[in-house]
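Dumping the structure here so I can ask a few things about it.
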Amino acid sequence: MNRVFLGELISEALAVFIIIAFGDSVAAMYLLYDPSPYLHAYWGVCIVWGLGVTVAIYATGSVSGTHANPAVTLALATYRAFPWKKVVPYWGAQIVGGILGAALVYALYYPVIDHFNDVHQLTRGAGGAAGVFFTAPAPGITVWHAFSDEIILTAILVFGIFTVTEQYNEMAPGANFGALIIGFLVAAIGASMGYLEAWAINPARDLGPRLFAYMAGWHEAALPAAGHYWWVPVVGPLIGGLLGATVYEYLIYPFLPAQLRAQQQALQAKVEEDTIIMGK
């Protein structure tokens with residue numbers, strides 16, 4: 001493994017670590033305290049998750065591009081020429097980052113977690129305080145409905161990421177402002193649809209902390225989870241990311257004026273080159 005690729009993997013792990021450090025910590029603040037400081041300010045929870053993404057992009061974007069999400073990596077490999085040989089290593093690094101981020105949150109909050117479970121007569125094995133680390137469907141949401149939700153929510157996320165980062169999109173934010181817009185997009189998805197099943201929209205965001213929680217005493221509550229739910233926030237986002245990228249590639253990208261101009265210029269240059277060659 002060369003130094004550059006090692007740096008990319010470290011960058012991806014660090015990006016997810018940052019996201020989980022902020023996100024799972026705000027989940028702890030939201031769930032474990034009574035009264036919750038976010039009881040009437042859920043938008044604050046969403047903003048913290050979004051700003052975690054923004055900070056991660058600014059910190060690591062120059063090294064790896066900050067995929068920080070297996071669904072994004074898969075979409076970029078499919079439509080943006082990201083090397084397929086890097087996909088699985090990126091996924092591994094992202095999940096490791098999720099595990100380490102959850103470990104940090106646990107180190108900070110384990111006394112509060114234990115107190116919460118004692119007060120509410122809960123155990124980790126029964127899922128007490130599990131919402132700090134991983135997602136679950138809300139009351140009334142079935143596993144299969146949650147699966148479709150994760151597909152749709154992640155499609156929105158990746159569609160937005162492709163929009164913000166597209167070089168031919170003349171309306172895309174400039175001067176490195178895209179990181180903030182992507183963070184706001186994550187926050188907006190959470191604020192509008194997050195209560196369905198806690199808007200994982202990122203396999204590493206859920207699976208990494210879920211693996212840590214399994215090792216930290218939540219056991220079957222984490223894996224396989226009630227209703228064998230664990231696969232939903234993994235498979236759903238992967239499908240959704242491809243869906244969102246596909247929608248962008250076929251319904252928006254072909255009609256971007258700057259892209260059409262570049263295509264026309266390339267064609268004209270080819271014609272001129274052929275003319276010169278034939279003239280010789």
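Using the Cβ atoms and a cut-off under 13 Å, what net charge is assigned to the surroundings of Phe17, where Lys and Arg are +1 and Asp and Glu are -1?
-1
Using the basic label-point model (7 angstrom from Cα toward the beta carbon), what is the Ala138 to Asp118 distance in nanometres?
For Ala138 paired with Asp118, the spin-label model returns 3.3 nm.
Which one, [x] 29, 22, 18; [y] 40, 19, 17; [z] 34, 23, 16, gives semi-axes √(5λ) of the Cα gyration tensor in Å as derived from the coordinates shown?
Recomputing semi-axes √(5λ) of the Cα gyration tensor in Å here gives the entry labelled [y].
Could you let me know the centre-to-centre spacing of the range 1-31 and the range 182-197, using Cα atoms, in angstrom?
Cα centroid to Cα centroid, the span is 19 Å.
Here is a further query. Could you compute the FRET efficiency for Ala269 and Ser148, with r as their C-beta to C-beta distance and R0 at 51 Å, rounded to 0.05?
It comes out at approximately 0.65.
Whenever you get a sec, compute what percent of the accessible area on the chain sits on carbon and sulfur atoms (1.4 Å probe).
Here carbon and sulfur together make up 69 percent of the probe-accessible area.
Helices from the chain with mean Kyte-Doolittle at least 1.6 and a Cα length along the axis of 18 Å or more, per DSSP H: which?
3-32, 178-193
Leaving ligands, DNA and RNA out of it, rank Ile252, Ile277, Ile189 by accessible area with a 1.4 Å probe, largest first.
From most exposed to least exposed: Ile277, Ile252, Ile189.
How far, in nm, would the chain grow between Leu251 and Ala175 when pulled straight, counting 0.36 nm per residue and subtracting the alpha carbon separation?
Extra length from Leu251 to Ala175 when fully extended: 24.7 nm.
Now for a separate question. Taking loop as defined by DSSP and a crowding limit of 10 other beta carbons within 10 Å, which chymotrypsin sites (Phe, Trp or Tyr not before Pro) in the range 89-156 fit?
none
Further, regarding this structure: Tally Lys/Arg at +1 and Asp/Glu at -1 over every other residue whose Cβ is under 14 Å from the Cβ of Gly194; what's the total?
Spelling it out: positives minus negatives among the neighbours equals -3.
As a check on your grasp of the helix formula, calculate [θ] at 222 nm for the chain: sum -39500 (n - 2.57) over DSSP H runs of n ≥ 4, divide by the residue count, round to the nearest 500.
-23500 deg cm²/dmol
Take the Cβ-Cβ distance between Trp231 and Ile276 as r, set R0 to 41 Å, and report the resulting FRET efficiency rounded to the nearest 0.05.
Taking R0 as 41 Å, the efficiency between Trp231 and Ile276 is 0.10.
Leaving ligands, DNA and RNA out of it, rank Arg80, Arg3 by accessible area with a 1.4 Å probe, largest first.
Largest to smallest exposure gives the sequence Arg3, Arg80.
A further question follows. Roll a 1.4 Å probe over the protein chains and send me the accessible area per residue for the chain in Å².
With all protein chains present, the chain gives 49 Å² per residue.
Can you tell me which of Val72, Val158, Val119 moves the most in a GNM of the chain? Springs connect C-alpha atoms under 10 Å apart.
Judging by the Gaussian network model, the answer is Val119.
The values are calculated or read from the model by the stated rules, or taken from the named source; none is laboratory data. What you are looking at is a predicted structure, and each value in this text was computed from that prediction instead of being measured. All Cβ positions, glycine included, derive from the backbone under ideal geometry; neighbour counts span all protein chains shown. What goes into the accessible areas is simple: the full protein's heavy atoms, side chains included, and nothing from ligands, DNA or RNA. Shrake-Rupley method; radii C 1.70, N 1.55, O 1.52, S 1.80 Å.
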